[in-house]
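The block underneath contains the structure these notes are about, expressed in structure tokens.
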Amino acid sequence: CYKIAQISKDDNSQLAVCRVLLAELEAHKDAWPFLTPVNHKVILGYRKVIKRPMDFSTIRRKLNNNLYFSLETFMGDVNLVFDNCEKFNEDDSEIGRAGHNMRKFFDELLQLKK
Ligand SMILES: CO[C@H](O)CCc1ccc(O)cc1
């Protein structure tokens, strides 16, 4: 029936937008702290402080496994990466600044895609 086809088409186009957005985030020069999960065995205190770890490779796996239902659920995980970064790093630090730069870049990307 047309209605069901219409909903699935929107989901597909939203997921296509998520793939483009994630590729642009991964290609950014300041993406390096966020490309893979933080190794909490090496970074003391991380597991205790950060309740919901998230990174771009995990987002990529979830996207490939169809675990995002909309652009909004995808955005929730991207913003979680930056919120975790702010919680664990000083603003005036290399990784803290990278997180702020990446969040600003993501917000600008979303403006373009709307
Ligand atoms: C996204 O990166 C995480 O916030 C960990 C940051 C970090 C890594 C190594 C350190 O020595 C200190 C902080």
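The values are calculated or read from the model by the stated rules, or taken from the named source; none is laboratory data. Not measured: the values here are computed from a predicted model. All Cβ positions, even for glycine, are placed from backbone atoms using ideal geometry, and neighbour counts span all protein chains on display. The protein model used for the area step is the full one, side chains on, heavy atoms only, and it has no ligands, DNA or RNA in it. Shrake-Rupley method; radii C 1.70, N 1.55, O 1.52, S 1.80 Å.
Details
- Per-region count, segment 39-83, residues more than 17 Å from Arg19 (Cβ to Cβ) and within 13 Å of the chain's Cα centre (by Cα): 7
- Positions within segment 32-72 being open to solvent by less than 60 Å² (accessible area, probe 1.4 Å), assigned to a helix (DSSP H, G or I) and without any contact (Cβ under 8 Å) to a residue 60 or more places away in the chain, in sequence order: Tyr46, Val49, Phe56, Ser57, Thr58, Ile59, Lys62, Leu63, Leu71
- Scanning segment 83-110 for residues that are open to solvent by 40 Å² or more (accessible area, probe 1.4 Å) and more than 14 Å from the ligand (Cβ to nearest atom) yields Lys104, Phe105, Asp107, Glu108.
- Subset of segment 21-31 [more than 16 Å from the ligand (Cβ to nearest atom) and either free of Cβ contacts under 8 Å to residues at least 24 places away in the same chain or in contact with a Cys (Cβ under 9 Å, 6 or more places away or on another chain) (or both)]: Ala23, Ala27
- Picking from residues in segment 73-82 that are touching a Lys or Arg at 6+ places or on another chain (Cβ under 9 Å) and surrounded by 15 or more Cβ atoms within 10 Å (Cβ to Cβ), the one that is nearest to Thr36 (Cα to Cα) is Val81.
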